[in-house]
Amino acid sequence: MKYVLLQVIQTTHSLSNTSKDPVEVNIYVGTYHKYYNCNSTAGEWLNLCDFDDYEELLGTVQEIHADEDDPELMVQDTEYLPDSLYCETWYSETVKKWLEYARFVKESPDRQKAFDIYLEDFVTSVDDRSISELIKDFDERFCGDYSESFTPLEDYLYDNFGFEIEAIAKDYPIIEHGFCWEKYATACEYDFYECDGFIFNNH
C-alpha cells in the first residue's frame with residue numbers, strides 16, 4: 001500500500017514513459033514513527049539517479065531523519081518505480097535493486113517501457129533476482145516493439161517467419177496465397193505474450 005501525502009495528490013507512473021526520454025525514479029521516504037505516532041508524513045523526495053551507491057543514499061536519508069535516534073524508514077510513495085519492485089519497508093537489498101533499476105532506466109530509456117511491462121507481468125514482489133539477472137531474462141523473452149501496429153503478433157510472426165513461408169511457397173505456390181497470418185497468430189497465442197504492442201516469449 002502506498003500512502004497519499006498530506007494535501008498532495010501523487011500519481012503512479014509505472015508504465016508512463018512513452019516518450020523514451022530518461023525519467024527520474026523517485027521515492028518519498030518518511031518514518032513509521034512520524035506516520036503512526038505523530039500523524040506526520042514528514043520526509044523528502046529523493047531521485048535515485050542522484051546517488052552513486054546504497055551507502056550514499058542511506059546517509060542522506062539518515063540526515064533527513066536525524067531527529068530520530070534509530071529511524072524505521074518508510075517508503076510512502078514512488079514515481080516511475082514498477083509496483084512489482086515496490087516495498088513499503090526499507091530493506092537494504094530491495095533499495096539496492098531500486099538503484100540498479102534507476103541506473104538501467106537512465107542508461108536505456110528506449111527500453112524502459114518494455115522492461116516495465118516485463119517486470120509487471122513476469123516478476124512478482126517476492127522475486128529475489130537482481131536487476132542484472134532480470135535484464136538477462138528480459139532480453140531472452142523480449143521479441144520486439146510493435147506498438148504502432150494494429151496486429152502486433154501477426155506482424156512479428158510475419159517479420160520473423162515470413163521468409164520460411166516464402167521459401168516453402170517456391171515449391172508449393174498455393175501456400176503463399178492461402179496462408180492466413182491471423183489464424184497462425186491465434187495458434188501461437190500461448191507461446192507469446194503481447195501488451196500494448198510489445199511482444200514477449202512465454203517460454
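Would you pick out the residues in segment 81-102 that are open to solvent by 40 Å² or more (accessible area, probe 1.4 Å), modelled with pLDDT of 95 or more and farther than 23 Å from D70 by Cβ?
E100
Which one of the conditions (1) under 23 Å from R129 (Cβ atoms); (2) surrounded by fewer than 20 Cβ atoms within 10 Å (Cβ to Cβ); (3) at pLDDT 95 or above does L48 fail to meet, given that it meets all the rest?
For L48, the exception is condition (2).
Inside segment 164-179, can you point out the residues that are surrounded by fewer than 10 Cβ atoms within 10 Å (Cβ to Cβ) and either modelled with pLDDT of 70 or more or among the basic types (K, R) (or both)?
E164, K170
What number of residues in segment 119-159 are touching a Cys at 6+ places or on another chain (Cβ under 9 Å) and either under 13 Å from Y193 (Cβ atoms) or among the basic types (K, R) (or both)?
Result for segment 119-159: 4.
Out of all the residues in segment 68-80, which are over 16 Å from E93 (Cβ atoms) and touching a helix residue (DSSP H, G or I) at 6+ places or on another chain (Cβ under 9 Å)?
The answer is E68, P71, E72, M74, Q76, T78, Y80.
The values are calculated or read from the model by the stated rules, or taken from the named source; none is laboratory data. Bear in mind that the values here come from a model prediction, so they are computed numbers and not experimental data. Every residue, glycine as well, gets a Cβ built from its backbone with ideal geometry; the counts of neighbours run over all protein chains shown. Only protein heavy atoms, including side chains, enter the accessible area calculation; ligands, DNA and RNA are left aside. Shrake-Rupley method; radii C 1.70, N 1.55, O 1.52, S 1.80 Å.
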